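Working notes, beginning with the structure itself.
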Amino acid sequence: MLAKKTLARKEAPDGGAEDRRDALGVSRLSLAVGAGERAIPLLADVTVRVGRGETVGLVGESGSGKSLTARTALGMLPRGARATGSVTVSDVDVLSAGRKTLRDLRRTRASMIFQDPRASINPVRRIGDYLTEGLRARGVPARAAAERALDLLDQVGIRDPGSAVRRFPHEFSGGMLQRVVIAGALSTEPELLLADEPTTALDVTTQAEVIALLKNMQQVHGTGMLFVTHDLDLAAAICDRIYVMYAGRIVEESVSAALFTAPAHPYTRALLEASPSVHGDKVAIKAIKGRPRALAESPSGCSFRDRCPLAGDDCAASVPAHRPHGTSLVACLHPEQVTP
Amino acid sequence: MTLTIPALRARSARRRRRRPLIVSLAVAFLVLIAVTGLLAPVLAPHSPDATSLLNSLLPPGTEGYWLGTDSTGRDVLSRIMYGARLSLLAPLGVVLLSGVLGITIGLLAARAGGWADAVISRGMDIVFAFPSLLLAMLVVAVFGPGLTAPICALAVSYTPFVGRVVRSVALQEGARPYMESYRVMGFGELWVTLRHLLPNVMPVLIAQSALAFGYALVDLASLSYLGLGVRPPDADWGSMISQARSAILQGEPWSGLLPGLVVLLTVVSVNVLGEHLGGSIGRKQSEGV
Amino acid sequence: MNAPVLSVTSLVKKFGHFTAVDDVSFELMPGASLGIVGESGSGKTTTARILAGLEQPTSGTVTLDGRAVEGHSRRTRLWQARRLQMIFQDPYGSFDPRQTIAQSIAEPMRLHVPGSAKEHRARVGELLDQVGLSSRAGESLPRDLSGGQRQRAAIARALGIAPRVLVLDEAVAALDVSIQAQILTLLDELRGDTGISYVFVSHDLAVVRYITDTAIVMRHGRIVERGETEQILRSPQHPYTRLLLDSIPSPDWDLDRVAQDRRALDLP
């Protein structure tokens with residue numbers, strides 16, 4: 001997995017015109033619903049990059065805006081929302097794209113997997129129809145699409161694909177159905193896969209299977225993946241890089257291996273200290289006071305300052321800019337107090 | 001400094017809860033009708049029964065008879081005002097009676113479950129399938145005209161209408177975890193049903209009852225029209241329309257059209273109100289989850 | 001003092017031909033905390049529901065406070081409720097949406113704890129304080145509270161009856177990590193302060209490790225491993241426990257080892 005990581009890094013150099021080679025480029029994205037006084041901000045200044053073939057984690061608690069960010073990549077904005085900044089998938093500018101461009105984008109370049117596989121498959125249609133639908137829409141002949149569906153099911157480890165295509169979603173367990181959804185998502189050979197808590201509804205042993213499959217498929221197809229999750233351990237286990245979100249902002253970006261040993265943002269560290277672990281010695285957990293906030297209800301300046309043990313008066317002045325600290329890019333004035 | 005989630009929600013909720021104009025109009029109309037009915041002896045310009053063949057079939061707008069007179073010279077306005085009493089009270093009786101019956105049966109079916117539920121539900125289906133007016137006419141045929149018999153008959157035929165709604169809401173509400181948590185806390189089935197289930201079923205029931213009220217009003221007016229409801233000389237809107245038949249044929253439709261219009265407006269108002277209540281409950285419940 | 005507050009012997013629960021709980025036995029000492037670990041379909045939730053009197057066992061006995069819980073009569077249920085309470089996973093649904101939190105906490109107290117309305121009100125205040133809720137939260141409706149606050153309120157409501165055993169069914173599973181930690185530390189404190197015992201039902205081994213002393217691991221309705229929680233985590237004996245442990249993601253997660261575990265367990 002390590003070799004893979006360096007490869008991905010090399011393939012996706014930072015900055016400039018090369019950016020369009022990225023599977024996903026979200027730059028300074030801000031999102032708000034409503035207008036004027038009544039406007040409720042949802043995201044502020046979110047920058048996320050997913051290189052080709054790279055796995056990037058987007059981690060946060062409820063209200064952090066992680067799912068919202070992922071959905072924006074497919075042009076799925078909340079109703080009445082206004083966005084500023086830029087979102088590009090491959091070389092498509094998503095925010096200014098028309099309906100047809102977006103449809104083509106979702107059909108061919110980017111796919112999304114959701115938490116509940118049952119909610120994303122039409123329950124009265126057969127598995128085979130579900131898989132061939134996307135292919136047929138791309139103009140693949142019926143026979144070829146059917147063969148491809150069998151092949152895909154085989155790849156995701158469904159036994160006896162021939163009979164599986166004729167069965168209905170309710171005949172599958174949650175884990176098996178999520179495999180089908182993954183097969184469907186990858187059927188169009190997308191450059192970007194958005195996975196929104198794809199294993200949260202599954203048992204832990206099933207999660208391991210589905211993750212193994214997802215990683216394997218991603219490597220085979222060279223797909224860039226944005227993995228949205230609340231589970232830091234899971235993100236660290238499978239991602240090359242991780243973005244930590246809090247209250248609609250990215251507070252830390254780090255190489256995932258470093259995140260656990262040297263968190264740079266107080267929130268990241270607090271999350272790690274709040275999660276009990278099965279590994280190593282039993283250590284006390286430290287709760288974070290207060291509750292996670294959405295952007296609209298967060299304090300001025302640093303959003304985390306009302307819950308942060310290190311917060312000082314300077315934290316209220318303005319939203320901290322991202323600065324490098326160790327291997328991280330962190331939006332905190334005092335990262336040296338978190339990890340020297 | 002900070003906005004809290006409840007504050008955000010309250011802000012948007014207030015905006016949404018603003019009552020639409022049509023609902024305000026409906027409420028205003030219903031209040032007007034109710035008040036005129038209540039204060040008819042004070043407000044009505046004439047006695048509702050005072051016949052005067054000299055003044056028969058005056059058109060609306062005549063001095064002293066603003067809405068005209070019927071074929072026996074009775075003042076239409078006064079009769080509409082007095083008629084509001086029976087025309088509103090009788091459907092209210094139907095709604096209350098069917099409400100009590102429907103709640104009992106619906107809750108029983110939902111909480112008992114199994115074969116009891118099956119029997120009750122099929123029973124409701126049978127009553128439901130029976131035309132309510134036909135049932136009322138049969139009852140009147142047996143017990144003679146007057147309002148009590150049709151009220152009871154309509155109440156019975158509306159019971160499944162209420163019972164089904166209560167049952168489905170009670171099933172849905174009863175499946176929520178708090179019902180189970182009360183059981184774990186040692187509360188009895190009856191307590192949980194009456195203290196926690198019923199109040200949570202009530203809002204839907206109220207909306208449903210508003211709609212039932214409208215149907216009952218029309219059904220009772222139809223019965224009166226057929227001469228099976230209110231006995232003359234008592235006034236209600238249905239019988240007024242009925243008695244205007246010959247006048248309508250003579251080309252003097254006013255004495256029938258005006259009470260008809262009042263029936264129409266009342267039913268529409270009640271339905272608008274019912275829809276609104278039902279809708280706002282739906283919103284409240286979806287917010288609660 | 002050395003008698004268990006709760007003991008379960010040869011518990012079996014069948015739904016038709018399906019055996020949800022198969023020969024489950026365990027004991028819980030006063031002030032102790034027992035974890036029941038398993039995945040969906042393991043029978044852990046059914047076991048919890050039997051303990052709370054929501055299901056009747058097909059066979060086997062539950063002995064609570066030295067007395068076997070028999071039958072389903074009103075008196076038995078009251079007796080059982082006074083000694084054993086349950087916290088559910090869904091903090092959103094476990095309150096009557098029309099009652100304020102304080103009313104919800106006071107209601108079971110009126111049933112179980114003798115005292116005047118004034119005494120009950122004072123006790124509600126104490127309980128709110130004990131679980132870290134403000135009196136303003138007490139006057140709120142459930143929908144105006146966050147998930148973590150609701151779970152605190154549910155704990156306060158259960159504590160109001162002063163039960164000897166608290167059964168927690170995935171009680172922190174629906175909460176954010178930072179809130180989960182708050183509830184876990186609260187539960188830890190409460191056990192230290194009141195000497196209450198926990199049966200902590202969860203799929204999450206890390207949480208179970210934090211909150212329990214001993215644990216049983218269930219699979220397909222049967223107990224596959226039991227012992228000190230630390231011991232189970234350090235040297236799991238049953239291949240299924242090993243699979244569970246290795247399936248938990250960590251920075252040095254080895255998916256190949258998970259696959260090996262699975263083969264060792266003869267899973268497809």
Within the stretch A:73-90, how many residues are aliphatic (A, V, I, L, M), buried (at least 19 other Cβ atoms within 10 Å of the Cβ) and outside any strand (DSSP E or B)? 2
Filtered residues of the stretch C:134-162 (kept if surrounded by 23 or more Cβ atoms within 10 Å (Cβ to Cβ) and touching a Lys or Arg at 6+ places or on another chain (Cβ under 8 Å)): C:Pro142, C:Gly148, C:Gly160
Looking only at the stretch B:135-151, count every residue that is touching a helix residue (DSSP H, G or I) at 6+ places or on another chain (Cβ under 7 Å) and of a type outside the set (Phe, Trp, Tyr) and tell me the total. 8
Keeping to the stretch B:170-205, report how many residues are modelled with pLDDT under 85, under 24 Å from C:Leu51 (Cβ atoms) and more than 7 Å from chain C (Cβ to nearest Cβ). 2
Of all residues in the stretch A:236-254, which are over 14 Å from A:Pro292 (Cα atoms) and in a loop (DSSP other than H, G, I, E, B)? A:Cys239, A:Asp240
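Which members of the stretch C:230-268 meet the condition of being among the β-branched types (Val, Ile, Thr) and within 23 Å of the chain's Cα centre (by Cα)?
As a first pass, look at the stretch C:230-268 and keep what is among the β-branched types (Val, Ile, Thr): C:232, C:241, C:248, C:258.
Passing the criteria: C:Ile232, C:Thr241, C:Ile248.
Going by the structure shown, is A:Ile285 touching a Phe, Trp or Tyr at 6+ places or on another chain (Cβ under 7 Å) and surrounded by 19 or more Cβ atoms within 10 Å (Cβ to Cβ)?
Details: touching a Phe, Trp or Tyr at 6+ places or on another chain (Cβ under 7 Å): yes; surrounded by 19 or more Cβ atoms within 10 Å (Cβ to Cβ): yes.
Yes, satisfied.
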Residue count, the stretch C:24-50 (criterion: more than 12 Å from C:Arg219 (Cα to Cα) and assigned to a strand (DSSP E or B)): 7
Within the stretch C:186-201, of all residues that are within 13 Å of chain A (Cβ to nearest Cβ) and buried (at least 18 other Cβ atoms within 10 Å of the Cβ), the one nearest to the chain's Cα centre (by Cα) is C:Phe200
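Residues checked against (1) within 19 Å of B:Gly186 (Cα to Cα); (2) within 8 Å of another protein chain (Cβ to nearest Cβ); (3) without any contact (Cβ under 8 Å) to a residue 40 or more places away in the chain; (4) not hydroxyl-bearing (Ser, Thr, Tyr):
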{"position": "C:Trp79", "(1), (2), (3), (4)": "yes, no, yes, yes"}
{"position": "C:Phe88", "(1), (2), (3), (4)": "yes, yes, no, yes"}
{"position": "C:Pro108", "(1), (2), (3), (4)": "yes, yes, no, yes"}
{"position": "C:Glu139", "(1), (2), (3), (4)": "no, no, yes, yes"}
Scan the stretch C:150-185 for residues that are under 10 Å from C:Ile101 (Cβ atoms), out of contact with any Leu (no Cβ under 6 Å at 6 or more places or on another chain) and within 13 Å of chain A (Cβ to nearest Cβ) and report the count. 1
So in the stretch C:202-254, with the set limited to residues that are in a loop (DSSP other than H, G, I, E, B) and polar (S, T, N, Q), which one is surrounded by the fewest Cβ atoms within 10 Å (Cβ to Cβ)? C:Ser235
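A quick yes/no check of all residues on (1) within 25 Å of A:Asp22 (Cβ to Cβ); (2) surrounded by fewer than 22 Cβ atoms within 10 Å (Cβ to Cβ); (3) not charged (D, E, K, R):
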site: A:Gly157; (1), (2), (3): no, yes, yes
site: A:Pro161; (1), (2), (3): no, yes, yes
site: A:Gly175; (1), (2), (3): no, yes, yes
site: A:Gln178; (1), (2), (3): no, no, yes
site: A:Gly184; (1), (2), (3): yes, no, yes
site: A:Ala208; (1), (2), (3): no, no, yes
site: A:Leu213; (1), (2), (3): yes, yes, yes
site: A:Gln218; (1), (2), (3): yes, no, yes
Which ones in the stretch A:97-114 are small (Gly, Ala, Ser) and either buried (at least 22 other Cβ atoms within 10 Å of the Cβ) or at pLDDT 90 or above (or both)? A:Ala110, A:Ser111
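Could you pull out the residue among B:Gly102, B:Gly93, B:Gly146 that is under 28 Å from B:Ser269 (Cβ atoms), surrounded by 21 or more Cβ atoms within 10 Å (Cβ to Cβ) and either at pLDDT 85 or above or out of contact with any strand residue (DSSP E or B) (no Cβ under 6 Å at 6 or more places or on another chain) (or both)?
Details: B:Gly93 fails: surrounded by 21 or more Cβ atoms within 10 Å (Cβ to Cβ); B:Gly146 fails: surrounded by 21 or more Cβ atoms within 10 Å (Cβ to Cβ).
Result of the check over B:Gly102, B:Gly93, B:Gly146: B:Gly102.
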In the stretch A:255-285, how many residues are outside any helix (DSSP H, G or I) and either within 20 Å of A:Cys315 (Cβ to Cβ) or more than 7 Å from chain C (Cβ to nearest Cβ) (or both)? 9
Among the residues in the stretch A:112-124, are any farther than 30 Å from A:Leu31 by Cβ and in contact (Cβ under 8 Å) with a residue 24 or more places away in the chain? yes
Mind checking which residues of the stretch C:232-268 are within 8 Å of chain A (Cβ to nearest Cβ) and of a type in the set (Ser, Thr, Tyr)? C:Ser247, C:Ser250
Could you grab the pairs with beta carbons closer than 6 Å, sequence gap of 6+ or different chains, first residue in the stretch C:165-180 and closer than 18 Å to A:Val59 by Cβ, second one of a type in the set (Val, Ile, Thr)? C:Ser178/A:Ile288; C:Gln180/C:Val172
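Considering C:Leu111, C:Leu141, C:Leu127, C:Leu159, which residue is closer than 28 Å to C:Asp65 by Cα and touching a Ser or Thr at 6+ places or on another chain (Cβ under 8 Å)? Show your work before the answer.
Details: C:Leu111 fails: touching a Ser or Thr at 6+ places or on another chain (Cβ under 8 Å); C:Leu141 fails: closer than 28 Å to C:Asp65 by Cα; C:Leu127 fails: touching a Ser or Thr at 6+ places or on another chain (Cβ under 8 Å).
Step by step, each of C:Leu111, C:Leu141, C:Leu127, C:Leu159 is checked, and only C:Leu159 is closer than 28 Å to C:Asp65 by Cα and touching a Ser or Thr at 6+ places or on another chain (Cβ under 8 Å).
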Exactly one condition in (1) away from chain A (no Cβ under 13 Å); (2) of a type in the set (A, V, I, L, M, F, W, C); (3) under 23 Å from C:Gln180 (Cα atoms) is false for C:Ile223; which is it? (3)
Hey, A:Pro190 hits all of (1) more than 30 Å from C:Tyr240 (Cα to Cα); (2) facing another protein chain (nearest Cβ under 8 Å) but one; which does it fall short on? (2)
Could you look through the stretch C:25-42, keep only residues that are among the polar types (S, T, N, Q) and more than 22 Å from C:Arg67 (Cα to Cα), and pick out the one that is modelled with the highest pLDDT? C:Ser42
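Do any helices (runs of 4 or more DSSP H) entirely within the stretch B:167-265 hold 2 or more residues that are of a type in the set (Ser, Thr, Tyr) and over 24 Å from B:Ile151 (Cβ atoms), and if so, which?
Of the helices (runs of 4 or more DSSP H) lying wholly inside the stretch B:167-265, those with at least 2 residues that are of a type in the set (Ser, Thr, Tyr) and over 24 Å from B:Ile151 (Cβ atoms) span B:177-184.
The values are calculated or read from the model by the stated rules, or taken from the named source; none is laboratory data. Worth saying up front: this structure is predicted, and the values here are computed from it rather than measured. For neighbour counting, all protein chains shown are included, and Cβ atoms are generated from backbone atoms with ideal geometry for every residue, glycine included.
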